[in-house]
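Data first, discussion second: the structure below is written as structure tokens.
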Amino acid sequence: LMSRKSMSFRGDFNWESSTNESARLVVMSAGDFEISKGSTLHSATSDLVIAARQDLILEEVNLGAAREVAIRGMRDVELNQVEIDASMLATIKARRDLNVNGLDFRQDISRIVMEAQTMRLRNVNFPGAAQVRLNSLKGAIDGRYPNFGNVSAAQQIGRVNFIENVRSAGNLLKDRPSFDLYGQNIKIGKIAR
């Protein structure tokens, strides 16, 4: 599904591929893109890709796919109370800023990849078994760490920022010792451009 101007979804949208081949449901907009609060987009037999050339804001939305869910924004991406139900891979990429306040993943997901110049995370619980890769413009601090808590806006630029209530397998990642103890599955790197 593609739109040159704007696209909006209201309610629930379920899609099934009639073939056994690897198929993808791609929802793309060159303009504004809106999914109404409380909506569900689900691709039962294939992957789901959501892409927008403008800022992409998703609020209280459930996205599901058989294997992979991908969210790609050519500018900023904002996720508020979003659920991703994919078994193999969740990919979230923003060209500029990625701001998250409330993001849940399926517990048995294998891999999570998130990329943005600057990433600000609040209320995220990464499943303990998932391999998590978080890439930003400047990468990790001291080769391993994100910023923790409320650091200045200048310090946040180009970094992965665990602002509030970021967890791995339910364990709070609030500082370097807790990250060393519970964040073994989380790797922070630089965007490859």
Going residue by residue through the stretch 2-25, is there one that turns out to be surrounded by fewer than 16 Cβ atoms within 10 Å (Cβ to Cβ), aliphatic (A, V, I, L, M), more than 26 Å from Q107 (Cα to Cα) and modelled with pLDDT under 90? yes
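Considering only the stretch 42-150, give the strands (runs of 3 or more DSSP E) lying wholly within it that have at least 1 residues that are among the aliphatic types (A, V, I, L, M) and over 24 Å from S178 (Cα atoms).
Details: elements: 47-52, 56-59, 62-65, 68-73, 77-85, 89-94, 97-105, 111-115, 118-126, 131-136.
Fully inside the stretch 42-150 and qualifying: 47-52, 56-59, 62-65, 68-73, 77-85, 89-94.
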Condition met for A153 (modelled with pLDDT under 95 and within 22 Å of I191 (Cα to Cα)): yes
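Considering only the stretch 76-98, state which residues are surrounded by fewer than 20 Cβ atoms within 10 Å (Cβ to Cβ) and in contact with a strand residue (DSSP E or B) (Cβ under 7 Å, 6 or more places away or on another chain). It would help to see each step written out before you state the result.
If we filter the stretch 76-98 for residues that are surrounded by fewer than 20 Cβ atoms within 10 Å (Cβ to Cβ), which is where we start, we get 76, 78, 80-81, 83, 85, 87-89, 91, 93, 95-97.
Once the filter is applied, which keeps residues that are surrounded by fewer than 20 Cβ atoms within 10 Å (Cβ to Cβ) and in contact with a strand residue (DSSP E or B) (Cβ under 7 Å, 6 or more places away or on another chain), the stretch 76-98 yields D76, E78, N80, Q81, E83, D85, M88, L89, T91, K93, R95, D97.
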Note on A44: of the conditions (1) at pLDDT 90 or above; (2) open to solvent by 10 Å² or more (accessible area, probe 1.4 Å), unmet is (1)
From the list N150, N185, N161, N135, which residue is closer than 22 Å to F105 by Cβ and surrounded by fewer than 20 Cβ atoms within 10 Å (Cβ to Cβ)? N185
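The values are calculated or read from the model by the stated rules, or taken from the named source; none is laboratory data. Because the structure is predicted, anything quoted here is derived from the model rather than measured. Cβ sites come from the backbone with ideal geometry, for glycine too, and all protein chains shown count toward neighbours. Just the protein is used for accessible areas: all its heavy atoms, side chains included, with ligands, DNA and RNA removed. Shrake-Rupley method; radii C 1.70, N 1.55, O 1.52, S 1.80 Å.
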